[in-house]
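To keep things clear, I will list the structure first and then write my remarks on it.
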Amino acid sequence: MTASANTIQRIDTNARMSHIVVHAGIAYLAGAIAIDLSTDITTQTQQALQDIETSLARVGSSKTHLLSAQIWLKDVDRDFSAMNAVWEAWTPPGHAPARATCQAAMAAPDILVEIIVTAALAPILPSM
């Protein structure tokens, strides 16, 4: 993906938000949640991370280019350890981003986790 440093690209935009915003080589993702909210924290975390991976791939990035992550848990006391187990298995060794985890009232009662990430775009390699 090539664009000038001043270009702002908005992907899947509606009146409220964009799913992805790309500017100056950085991808900003909206919060990712699970598709199936009837599941436990492990499955919800896995599904949110899969959404993040898919979104990053859409803009030419990956989880190895993560810069920061914000993780919002409905119940940090109950779910922190299980969420971290999924997160640590998903995050490539040596590529952990700066991260914060907080407890929050969620937008819907069945959402257990929401994850927001920022990532650098993958460098474009010159053609051979």
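Just so it is clear, none of the values below were taken in a lab; they were calculated from the coordinates. Just so we're clear, the structure is a prediction, and the values are computed from it rather than from any experiment. So basically every Cβ, Gly included, is an ideal-geometry build from the backbone, and we count neighbours across all protein chains shown.
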**Prompt:** Against the longest principal axis of the chain, how steep is helix 76-90, in degrees 0 to 90 to the nearest 10, with axes from Cα atoms?
**Reply:** 40 degrees
**Message:** As a test, work out the antiparallel percent of DSSP beta bridges whose residues both lie in the chain, rounded to the nearest 5.
**Reply:** 75 percent
**Request:** Taking amide H positions as placed in the peptide plane 1.01 Å from N, state which residues far from ALA32 in sequence (5 or more) or on other chains have amide H under 5 Å from it.
**Result:** ILE115, ILE116
**Fill in**
If the label point sits 7 Å along Cα→Cβ of THR7, residues of segment 47-66 with amide N under 16 Å come out as 58-61
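To one decimal place, what Kirkwood hydrodynamic radius in Å is obtained for the chain from all pairs of distinct Cα atoms?
Evaluated on the chain, it is 15.3 Å.
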**Asked** With the chain treated as a Gaussian network of Cα nodes joined by springs under 10 Å, which of ARG99, ARG78, ARG16 yields the largest mean-square fluctuation?
**Response** ARG16
**Prompt:** Most fluctuating residue of ILE11, ILE71, ILE41 in a GNM of the chain with Cα springs under 10 Å: which is it?
**Reply:** ILE11
**Asked** What spacing in nm lies between the two simple spin-label points modelled at ASN14 and THR64, each 7 Å away from Cα in the Cβ direction?
**Response** 3.5 nm
**Request:** Ratio to report: Rg/Rh of segment 33-91, with Cα atoms as the point set and Rh obtained by the Kirkwood method; give two decimals.
**Result:** 0.97
